[in-house]
Structure formats: C-alpha cells, structure tokens
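Structure record follows, encoded as structure tokens.
The values are calculated or read from the model by the stated rules, or taken from the named source; none is laboratory data. Fair warning: this is a prediction, and the values are worked out from it, not measured in the lab. Heads up, the Cβs are rebuilt from the backbone with ideal geometry, glycines too, and the neighbour counts pull from every protein chain shown.
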Amino acid sequence: MIKKRSVYFLAVALLSVCLAGLWFYLRVFGVSIYPRNGDAVILIPDGARWLQVKDSLSAHLDIGNINLLEWVSLRKHYPQAIRPGRYVVRKGISCNQLINILRGGRQSPVTVTFNNIRTLYDLAGRVGGQIEADSSELIAFLADTGRYSKDGFSRDDVISVFIPDSYEFFWNTGADGFYRKMLKEYRKFWTDERSEKAKGLGLTRKEVSVLASIVREEATRSDEKPRIAGVYINRLRRGIPLQADPTVKFAVNNFTISRVLKKHLLIDSPYNTYIYQGLPPGPIDCPSAEDIDAVLNAEKHDYLFFVAKADLSGYHNFSRTLGEHNRYASEYQRELNRRRIFR
C-alpha cells in the first residue's frame, strides 16, 4: 500500500514537472507577444539601455509576461548586445523570437523620399525625422566641408550629390551615413554612358548638375527641358553670358519674384549670370535625374534666346536673333503689365 502510494506521488510529481516544463516552453517558444495596433514599430536609438528598450516594447506590444521576456533576454545576453534600429513586429511571436530579432539586428528599412528641393536646409528638413539623424545634425554635417571635401565637393556644389528619388535606409542612419549612402547612389547614377555624354558637351559632372539646376527652374514643361538646355549650351560655347533669371533670384535669395528688374541685375554675386560669364559656382537647387538627363541629351539647334510665351502657358518662344527675342519679350512684358504683375 505504501509502495503504491509512493508510485502515485512520484507519478503526480513527474506529471507536474512535465506540465510546468510544457508551460514554460510554450511561454518562451510559443506565440505570446502581439502588436497592440496593427504593425508595431519599435525604434531603438543608438546608446539605448535595456530599461529603455523594455519600456518601448511594453508600449507597443501586448506582452503576456514581461518578467519572462526579461529572463530570456538575460539568458541570451541581449542587454550587453543591444543593436539600434527600426524593428517591425507584424504578427504574434514568441519571447525567444522577439529577442532573436532584436539581438540579431534584423531591422526593417525605411523608404526616404525627397523631391522639389532648393536648398540644403530644405533637404535636411525633408529627410530629418525619417532617419535617426534630425535636420540640425544633417545641416551641421553639411556645413563642415572637411567631411566631404576629399570627395571633390565644396559647400557650393555638395547639393548635387543628393539626386531626388526614393531610397532605402536603415532608420539608425546618422548624418555621415546618409551622405555616404547618397554619394554611393550619386556615383552609381553617373554611368559610363552619362559620363561620356557630359564629356562630349565639354562639361564635368558637377557642371552638368549646375546647368541642370538652372534648366529645372526655367522649365515648367518637361518636354521643353532639352531645348532650354540646348540654348544655354550654345551660349556657353560662344562665350555669351547665360543671363538666366533663376540665378539672379538665387543671388537675391528670393524665388518668389515674378519679374526680374534692373535693380536685381545689378547684384554683385558670382551667381548673377548677367554680370559673370559662364556657369555659377554651384547648383541653384537640387536637380532631378530628369533635369540632368535633359542637359546630357540637350537638343541640338541654333537658338540663343528664349522667353515665356505671352499666353502664360508655361511654354517659351525661342529665337536665333536678339531682334526676334526682343519682340517676344515685349509681348510677354505687355501681358504682365496687363495682368498687373509688377514684381
């Protein structure tokens, strides 16, 4: 009788141990963690400690037993190996899976898109916040020419590195990382074919970007960009000042000007292409791939002038002679006067 009772208690004890082990196994390796609302995005900044990570996890995930999660993290030495980044939890996972994702740095990239950029400040404002680096960090980096002068760029022309498009980054990208990735993309963009076309025009890559920035500001219709580019290339080849109004607007730091007046043309700036011959020191905005390709594939013609059409359609009249150009310009000025657009 005593023997049977001992066997019974032993069996109960073994069963309890097995059930406890099963419970523990299911808690650690079974699904027990769920996003609270849709996909949970966990942002872990550089230098984060375990307590900070734990608070972030608790805020975005429904965790059955936070103490158990902490136990798993300690056994896997995660608090000593925290890796910053952006981690997305899209469905229920186990404690073990979550710590493996975080410890392995298996983060999800972010798509950073920027376009219609005029200045480095615009760029920093658009990108800052989409990655860990904020706008002030990006501006501080770009203000320090020593960070990129060895790559052949100056404060005047470094904006040409950032060709507007959509790019994938890891969230924990700093200012230097952002620049390095964009420099890699810039060099990838400049294929042998594009480089040969630039050489055929007698322009460097940076000079193409400068001219493309002017074309971008002049053209409101994409199909006119190659023709406008052709006008400027003709003027460069003949040693005629570009006399591009957008460069004057850049010089006076006011792109809202509708009419460039004589007082604007007197501004003494290397960006005033009415005074200084050739291309200005750097781009006057951030040209897109379309703008750059418009220059590289500039239309071949003998036009030397262009002015907006009087119907304000966004298209231009192109001329070979100054007399013809002045007639078109007068029509345009009369229409601006009729509409009482004086500045």
Practice task
Run Arg106 past the list (1) assigned to a helix (DSSP H, G or I); (2) over 18 Å from the mean Cα position of the chain (by Cα) and report the number of the one that doesn't hold.
Solution key: (1)
Fill in the blank from the handout: Flagged in the stretch 111-132 as buried (at least 17 other Cβ atoms within 10 Å of the Cβ) and over 22 Å from Asp285 (Cβ atoms), in numbering order, are Ile131, Glu132
Problem - Hits in the stretch 297-311 (condition: free of Cβ contacts under 8 Å to residues at least 40 places away in the same chain and small (Gly, Ala, Ser)) - result: Ala308, Ala310
Practice task
Determine whether the stretch 227-236 contains at least one residue that is farther than 30 Å from Arg83 by Cα, more than 23 Å from the chain's Cα centre (by Cα) and not in a helix (DSSP H, G or I).
Solution key: no
Handout entry: Counted residues, the stretch 68-107 - those being touching a Gly at 6+ places or on another chain (Cβ under 8 Å) and touching a residue at least 24 places away in the same chain (Cβ under 8 Å)
Key = 5
Practice task
Name every residue in the stretch 64-91 that is within 17 Å of Ser108 (Cβ to Cβ) and modelled with pLDDT under 90, in order of residue number.
Solution key: Arg90, Lys91
Fill in the blank from the handout: When every residue in the stretch 27-54 that is closer than 15 Å to Leu98 by Cβ and surrounded by fewer than 14 Cβ atoms within 10 Å (Cβ to Cβ) is compared, the one modelled with the highest pLDDT is Asp39
Practice task
Among residues belonging to the stretch 122-151 that are touching a helix residue (DSSP H, G or I) at 6+ places or on another chain (Cβ under 8 Å) and assigned to a loop (DSSP other than H, G, I, E, B), point out the one that is nearest to Val110 (Cα to Cα).
Solution key: Gly129
Practice task
Determine, yes or no, whether Leu183 is surrounded by fewer than 20 Cβ atoms within 10 Å (Cβ to Cβ) and in contact (Cβ under 8 Å) with a residue 24 or more places away in the chain.
Solution key: yes
Handout entry: Scope the stretch 237-267; condition in a helix (DSSP H, G or I) and over 17 Å from Val215 (Cα atoms); matching residues
Key = Arg238, Lys262, Lys263, His264, Leu265
Problem - Among (1) part of a helix (DSSP H, G or I); (2) in contact with a strand residue (DSSP E or B) (Cβ under 9 Å, 6 or more places away or on another chain); (3) touching a residue at least 60 places away in the same chain (Cβ under 8 Å) - the single one Glu290 does not satisfy - result: (2)
Handout entry: Pair list, Cβ < 6 Å and 6+ apart or interchain, from the stretch 159-172 residues that are within 22 Å of Arg86 (Cβ to Cβ) to residues that are basic (Lys, Arg)
Key = Trp171/Arg86
Practice task
Specify the residue that is modelled with the lowest pLDDT; the eligible residues are those in the stretch 237-264 that are small (Gly, Ala, Ser) and more than 26 Å from the chain's Cα centre (by Cα).
Solution key: Ser258
